[in-house]
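Reading through the structure tokens given below for one structure.
All of the numbers you see were taken from the coordinates with simple rules; none came from a lab. Here the structure is a predicted model, which means the values were calculated and not measured. Because the Cβ atoms are built from the backbone with ideal geometry, glycine has one as well, and the counts that use them run over all protein chains shown.
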Amino acid sequence: MQKPDQLSIENYNYELPSNRIAQYPLANRDESKLLVYNNSIHSSNFKNLADFLPENALLIFNNTRVVQARLNFQKISGAQIEIFCLEPVEPTREIQEAFLQKETAVWKCLVGNRKKWKSGVLKMDFLVQGRSAHLLAERLSDEGEISFIRLSWNPANLTFSEVLEQSGKIPLPPYMHRKADDSDRQRYQTIYAKYDGSVAAPTAGLHFTPFVFEQLKNKNIRTEYVTLHVGAGTFKPVSEEKLADHQMHSEQIVVNRKLIEQLMNNDHQKLIAVGTTSIRTLESLFWIGTKMHYFPNETSSILNQWEAYELAQKPLLTKRESLQEILNFMLQSKSEIFYSETQILIGPGYEFKLIDGMITNFHQPKSTLLLLISAYLGEFWKTIYDYALANDYRFLSYGDSCLFFTQKW
């Protein structure tokens, strides 16, 4: 497995006309196009997804929920200040716990129009079930483009999740060049979203409907869930020439013990990941287990950017051996839930360890998501994207979908 740090990002660029970027979703989620690739390209409709999947397959979804992370304040002077909540700092870094926090919390944020906010406390009034409430923001310090913001609210018995739900806006991707409207609250969210924590949707899941799930069930295709809380870094293009100079974003993952056991014993089912976030979670589990095996005294289970490639230089564990290490850790700590973080950069040269196929959208030029696709498809990604551009496929978050598999099913 070759580390892709010396690859030039320019090789993963393509021309994406602005009119091919979907600004709004289709009226019906499952009416989007589906590009199917297995040594040849086939066009279909997403509601036909089950027709292309093998019976008894296992689909893994990311059940994170997008939070209304954009907060718009107005200073007494009239200046508009936008605070974009990225990740919690105090009193906990664990995202799901942070959304249950009451009264006050400190978050890492991006601040729009920051130069207009030198000092002072910002205030926003809003309503919760017809009752008056307010949110205060105090800028504590800056680290580069990141600001540390203390947020406090009244009534203090509200959770931070409730505060954002009533006072915030859905954080649409920057390439949409529009403000979120009321329809985005529902459409920029998968129908199975469960755990608050993401500032971007796991967009491959946006196409799924009750009808599609029913078709999967009729074919004995099972569905299970992981949680990866998607950060704003997922939209950050690689701006450096060489990947070695790109700092990959870190994201929190949560996996339950039942799924770890299922994955260990999943030798005869095809494993299909829904979205790059599910792929990153599943592949990270393999390397985290490997890390536990070779470094048993390491207290951190965080997987760093290049660690998978470094661990691949050691004798390779089997899937069962690697996942058993995580299971042993959970048994020792008497935990049903495994928490970790991953910074993995999956690019050309990476060898997939758990997945057999993927469902995904079309991704931005020069993005780490496109690098992941290229790691799976090789140079043929260019042919697929050229085909999609020539055949009126819609791109990016609200765009159309792909099913990729490279083996016969």
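Here are the numbers for this structure:
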| item | result |
| --- | --- |
| Listed pairs Lys242/Lys382; Lys169/Lys194; Lys47/Lys258; Lys314/Lys334; Lys258/Lys334; Lys291/Lys319 exceeding 23 Å between Cα atoms | Lys47/Lys258; Lys314/Lys334 |
| Long-range tail of P(r) for the chain (Cα pairs > 38 Å, %) | 21 |
| Packing rank of 165-175, 323-333, where each peptide gets the mean count of other beta carbons within 10 Å, highest leading | 165-175, 323-333 |
| Mean Cα-pair separation over length for the range 114-159, i.e. relative contact order, pairs under 8 Å, 6 or more apart, % | 28 |
| Among 78-90, 59-71, 143-155, the order from most to least packed when residues are scored by Cβ within 10 Å on average | 59-71, 78-90, 143-155 |
| Computed over the chain: relative contact order in percent, which uses C-alpha pairs under 8 Å that are six or more apart | 24 |
| Protection-proxy order for peptides 9-15, 48-54, each taking the mean of Cβ atoms within 10 Å per residue, highest first | 48-54, 9-15 |
| Size-normalised alpha-carbon gyration radius of the range 69-168, reference 2.2 N^0.38 Å | 1.01 |
| The range 69-168: relative contact order as a whole-number percent, Cα under 8 Å and 6+ apart | 29 |
| Estimated distance in nm for a label pair at Asn38 and Asn157, the labels positioned 7 Å out from Cα along Cα-to-Cβ | 5.6 |
| Beta bridge orientation in the chain: antiparallel %, DSSP, nearest 5 | 75 |
| Kirkwood Rh, angstrom, the range 100-230 [1 / mean 1/r, Cα pairs] | 17.5 |
| Dipole magnitude of the chain, debye to nearest 20 (Cβ charges: Lys/Arg +1, Asp/Glu -1, about Cα centre) | 780 |
| Cα→Cβ-extended label distance, 7 Å offset, between Gln186 and Lys258, nm | 2.9 |
| Ratio Rg/Rh, restricted to the range 29-70 and using Cα atoms, in which Rh is the Kirkwood radius | 1.11 |
